[in-house]
Amino acid sequence: MMKLKKGIPLIDQHDQHGFWGGKFGGSFIPETLKKPVEDLTNEFKKLRNNKKFLKKRDYYFKNYIGTPTSFVKLNNLTKKLGGAQIWAKVVSEANGGAHKIYNATVHALICKEMGKKYIVGDTGAGYAGKMLSMAAKKFGLKCKIFMGARDIKRQKPNCNAIRKNGAEIVPVYSGSQTLVDAVSECMRYWVSNCDNTHMCVGSTVGPNIFVKICGWSTAQISRELKLQLKSEFKNIPNKIKLINCVGGGSSAYGFWSEFIDYNKKKIELIGVEAGGPQKSKLHAAPLSNKTKIGILHGAASYVCQNKEGQINETESISAGLDYPGVSPMHCFLKDTKRARYTYATDEEALNAHQMVTKYENLNPSLEPSHAFAEAIKIAPKLSEDTIIIVNSCGDAKKDRDILKERLGKK
């Protein structure tokens, strides 16, 4: 039976082959990538314990990203729904408008440490690409962003920002023309250019080392939240539900990291995937739809796939959650029953966005709107001493065209 180890960060709870629970993760990579992946693994092992590097990371987290981000009670929403208190960790306040800036900044710093001048990355919602282009500009690196042609059309604001930062967008026309195809093309490019180019994977997916770097970067969110909870309540309250959207799973891991050791009766972890349109059979919810384990982008995880084991197309109003796989760490959390996973449909996410923006001074993107949908669903059924905290991990500026089309919003 799979077990979590107390006192050890989840990013390190893998075996010698890089598998969590013996079956999730690993590094399924071509021979040509073994040396660059090994070099990156060794470099990260040194840097994460290097006081000078940690000081540099913390400096840029504070003075460039703008940590800590706010922790606020949503009084109007709480009053409207009744039941549990609803709070938000407003990570969208971070420089650039989303949690992706943590991972991008750390990767840019690693790239500099390794003496490389080029950095490449993938993006779906455009936030990972936007943040990487920002970090590249900040640290004087040349940058390419791989993005599905379909996502380029639906995430125009972030594309404009990427180009403004001096990065090149490489459109991907293969497959579903979304995030899954962008990641594939980015990895292909890195295979041919790994001598002078560093690759940043935008979420806690891919070969083991990329899962670890991203998780290590976003864990800043939960470190802040832990201090904010103690400041607000004197101690960590006894009934907390931490709700986060889950696509690749980077913001969820970052939001939960410091709390995984707690008893689930005290702190419940709830991940909300993209259920897709109500009338469609397609979704992007491998954890909550009983999918099988498959290999995608160099790692084993639960994957949306057909009977022949081929990767299924996904469908979601949210480009950032529109991905057929998920982090191996979330698969491990599901199988150990430490986290509970569910989904919200496109329509539920849109309704949640409308409700949150109506009652609060928040403008969550369509990704965290999935998490707010679950909070709205369960809050009225819970007691007043229960504290629901939603990670509002991105702002909706990037979604303005979709929201205008679907809701008639200006």
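For segment 340-352, a residue qualifies if it is within 15 Å of Ile243 (Cβ to Cβ) and out of contact with any Phe, Trp or Tyr (no Cβ under 7 Å at 6 or more places or on another chain), and the qualifying residues are Arg340, Tyr341, Thr342, Tyr343, Ala344, Glu348, Ala349. Counting only residues that are among the aromatic types (Phe, Trp, Tyr) and touching a residue at least 60 places away in the same chain (Cβ under 8 Å), how many does segment 116-164 have? Adding up the residues that qualify gives 2. Per the listing Glu232, Glu224, the residue uniquely assigned by TED's automatic domain parsing to the domain that holds Val72 and in contact with a Pro (Cβ under 8 Å, 6 or more places away or on another chain) is Glu224. Checked against (1) surrounded by fewer than 22 Cβ atoms within 10 Å (Cβ to Cβ); (2) assigned to a loop (DSSP other than H, G, I, E, B); (3) in contact (Cβ under 8 Å) with a residue 24 or more places away in the chain, Arg340 passes all but a single condition, namely (2).
Looking only at residues in segment 368-410 that are of a type in the set (Val, Ile, Thr), assigned to a helix (DSSP H, G or I) and in contact with a helix residue (DSSP H, G or I) (Cβ under 9 Å, 6 or more places away or on another chain), the one that is nearest to Asn351 (Cα to Cα) is Ile376.
Of everything in segment 299-329 that is of a type in the set (Gly, Ala, Ser) and closer than 20 Å to Ala373 by Cβ, the residue that is surrounded by the fewest Cβ atoms within 10 Å (Cβ to Cβ) is Ser318. Can you say whether Ser192 is assigned to a loop (DSSP other than H, G, I, E, B) and without any contact (Cβ under 8 Å) to a residue 40 or more places away in the chain, as far as the supplied structure shows? Judged against the criteria, Ser192 is not a match.
Selection of segment 317-348 for residues being at pLDDT 95 or above and among the hydroxyl-bearing types (Ser, Thr, Tyr) yields Ser327, Thr336, Tyr341, Thr342, Tyr343, Thr345.
Name the single residue, out of those in segment 255-283 being surrounded by 14 or more Cβ atoms within 10 Å (Cβ to Cβ) and farther than 18 Å from Arg340 by Cβ, that is nearest to the chain's Cα centre (by Cα). Ranking the candidates gives Glu258 first. The number of residues in segment 107-128 being within 20 Å of the chain's Cα centre (by Cα), at pLDDT 95 or above and within 16 Å of Ala167 (Cα to Cα) comes to 5. Restricting attention to segment 81-101, does a residue exist that is surrounded by fewer than 19 Cβ atoms within 10 Å (Cβ to Cβ), over 26 Å from Asn158 (Cβ atoms) and of a type outside the set (Val, Ile, Thr)? Within segment 81-101 (the criterion being surrounded by fewer than 19 Cβ atoms within 10 Å (Cβ to Cβ), over 26 Å from Asn158 (Cβ atoms) and of a type outside the set (Val, Ile, Thr)), the answer is yes, since at least one residue qualifies.
Put simply, of Thr123, Thr105 the only residue that is within 30 Å of Ser174 (Cα to Cα), surrounded by 19 or more Cβ atoms within 10 Å (Cβ to Cβ) and in contact with a Gly (Cβ under 6 Å, 6 or more places away or on another chain) is Thr123.
Here Cys194 fulfils each of the conditions (1) of a type outside the set (A, V, I, L, M); (2) more than 24 Å from Ser318 (Cα to Cα); (3) at pLDDT 95 or above apart from (3).
When segment 229-253 is limited to residues that are β-branched (Val, Ile, Thr) and in a loop (DSSP other than H, G, I, E, B), the one that is farthest from Leu366 (Cα to Cα) turns out to be Ile236.
If only residues of segment 358-389 that are of a type in the set (D, E, K, R) and more than 11 Å from Ala88 (Cα to Cα) are counted, the one that is surrounded by the most Cβ atoms within 10 Å (Cβ to Cβ) is Glu367.
In summary, helices (runs of 4 or more DSSP H) completely within segment 18-123 and bearing 2 or more residues that are in contact with a strand residue (DSSP E or B) (Cβ under 6 Å, 6 or more places away or on another chain) and assigned by TED's automatic domain parsing to the domain that holds Gly148 occur at 100-113.
The values are calculated or read from the model by the stated rules, or taken from the named source; none is laboratory data. Because the structure is predicted, anything quoted here is derived from the model rather than measured. As a convention, Cβ positions derive from the backbone with ideal geometry for all residues, glycine included, and neighbour counts pool all protein chains shown.
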